[in-house]
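**Student:** Below you will find the structure I want to go over with you.
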Amino acid sequence: MAAAVFPVPPPHPAPLLVSGLVKHFGSVKAVDNISLELHSGECLGLLGPNGAGKSTLIRAIVGRVAPDAGAISIFGAPAGSPAACAAIGWIPQELALYPRLTAAENLRAFGRYSGLTGKPLSDAVAWCLNWSALEDRAGALVRTLSGGMKRRLNMAAGLIHQPRLVLMDEPTVGVDPQSRNRIFEMIEALRDRGMTIIYTTHYMEEAERLADRIAIVDHGRIIALDTHQALIQNCFTASAQVIARFRDSSPALSVWASTHGGSLKDSTAEFAIDHPTDLARLLDSAAAAGLDLEDLALRRPNLESVFLHLTGRELRD
């Protein structure tokens, strides 16, 4: 008797699939043919200087910006559709809270906007207060809360409907170090629940701590996408960078830096080295050339090094 043949179930649609996205604002191309796929349960760090196209990309994903070309799907549903909106939680950088309502009243209001009522609403409010460590402030008016508490409540309001995909736009802006660390713990708790996250930030250490993969955006394009360790390895074959600052800039300094494969900006030379003995040779040759060394630093390449290497500018430029 022949074995029964069962149909192969279709694969689960990706939490986010962006294909050939283009968006112009007049003559400015804010998004230039971006394609991106998120894996279920991953946290993607989105880095880029101001004006790189990050905000336009996020607003297109949540359905607030209509692209000129390309397509976006959220768990198989088109961006902006009721199914896509129900699956997304958007936490904007700006606080969107009612200052004259209590923390719990704010959460109930946002829950009702998302269609929650009765016990599901009460359960969601209780979970959000616990997740944001605001249970003891549930009855406090928002206007009396600290900046860090407001930020955490703002995050909770964006998750009141328990979305499967969360987009966070610089959630730690303007908070103190203690509140910032608490926000990290909140995001890590979401990851433990298997939630898929896009996290935009201006802080390299946040991306390194929280993100499974990192996408670097510049001039409307994704110019690099990988784990932060892979990005470092792909950009830098050497194991360390040497930054040597000299007392004066001179033609002799330029010749010396070029001869040893370094780059020179003003009176500071940078080199990539693989072994500690390379550093000794550099210092000996600088002394032999009569160069007056003022300061020396040795560092391993990190995510900030990658960003500068790929974009030529600081993250906040």
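The numbers here are math on the coordinates, done by the rules we state, and not lab data. Fair warning: this is a prediction, and the values are worked out from it, not measured in the lab. Heads up, the Cβs are rebuilt from the backbone with ideal geometry, glycines too, and the neighbour counts pull from every protein chain shown.
**Student:** In whole Hz and in residue order, list the ³J(HN,Hα) couplings for the stretch 47-58 that follow from phi through the Karplus curve 6.51 cos²θ - 1.76 cosθ + 1.60, θ = phi - 60°; x for Gly and Pro.
**Tutor:** 10, x, x, 4, x, 6, x, 4, 5, 5, 4, 4
**Student:** Can you give me the long-range amide H partners of residue 218? Hydrogens built in the peptide plane at 1.01 Å from N, cutoff under 5 Å, separation of 5 or more residues or another chain.
**Tutor:** HN-HN under 5 Å from residue 218: 223.
**Student:** To continue, here is another question. I'm checking a number: the convex hull volume of the Cα atoms of the stretch 80-137, normalised per residue, in Å³. What is it? Walk me through the numbers on the way to the answer.
**Tutor:** Values: hull volume 6.0 nm³, N = 58.
With only Cα atoms used, the stretch 80-137 gives 103 Å³ per residue.
**Student:** If you don't mind, there's one more thing I want to ask. For Cα pairs less than 8 Å apart in space and 6+ apart in sequence, what is the mean separation divided by the residue count of the stretch 16-232, i.e. the relative contact order in percent? Could the numbers behind the result be given before it?
**Tutor:** Numbers: 403 pairs, mean separation 64.2, N = 217.
Taking the mean separation of contacting Cα pairs over the length of the stretch 16-232, I get 30 percent.
**Student:** Further, regarding this structure: Tell me the net charge near residue 30. Cut-off is 14 Å between Cβ atoms, residue 30 excluded, with +1 for each Lys or Arg and -1 for each Asp or Glu. Show your work: numbers first, answer last.
**Tutor:** Values: positive: 23, 29, 54, 59, 64, 221; negative: 32, 68, 218.
That sum, taken over residues with Cβ under 14 Å, equals +3.
**Student:** Quick one: compute the contact order of the stretch 124-280, relative version, from alpha carbon pairs under 8 angstrom and 6+ residues apart, as a percent. It would help to have the intermediate numbers written out before the result.
**Tutor:** Working: 148 pairs, mean separation 21.8, N = 157.
Relative contact order here is 14 percent.
**Student:** What percent do you get for the relative contact order of the stretch 35-131 when only Cα pairs under 8 Å and 6+ apart count? Walk me through the intermediate numbers first.
**Tutor:** Values: 50 pairs, mean separation 13.1, N = 97.
It comes to 14 percent, rounded to a whole number.
**Student:** Against the longest principal axis of the chain, how steep is helix 177-192, in degrees 0 to 90 to the nearest 10, with axes from Cα atoms?
**Tutor:** With rounding to tens, the tilt is 60 degrees.
**Student:** Right, next: Residue by residue, what Karplus-based ³J(HN,Hα) values in Hz, rounded to whole numbers, does the stretch 73-81 have, using 6.51, -1.76 and 1.60 with θ = phi - 60° and x for Gly and Pro?
**Tutor:** 10, 10, 6, x, 9, x, 4, x, 6
**Student:** Now a separate question. Can you give me the long-range amide H partners of residue 196? Hydrogens built in the peptide plane at 1.01 Å from N, cutoff under 5 Å, separation of 5 or more residues or another chain.
**Tutor:** For residue 196, whose amide H was placed from the backbone, the distant partners under 5 Å are 41, 166.
**Student:** Can you sort 128, 43, 85 by how many other beta carbons sit within 10 Å, fewest first? Walk me through the numbers on the way to the answer.
**Tutor:** On the way: 128 27, 43 24, 85 17.
By the 10 Å Cβ count, ascending: 85, 43, 128.
**Student:** Now for a separate question. In whole Hz, what ³J(HN,Hα) sequence does the stretch 138-150 give by Karplus (6.51, -1.76, 1.60; θ = phi - 60°), x for Gly and Pro?
**Tutor:** Once θ is set to phi - 60°, the couplings for the stretch 138-150 become 4, x, 8, 5, 4, 5, 9, 7, 6, x, x, 5, 4 Hz.
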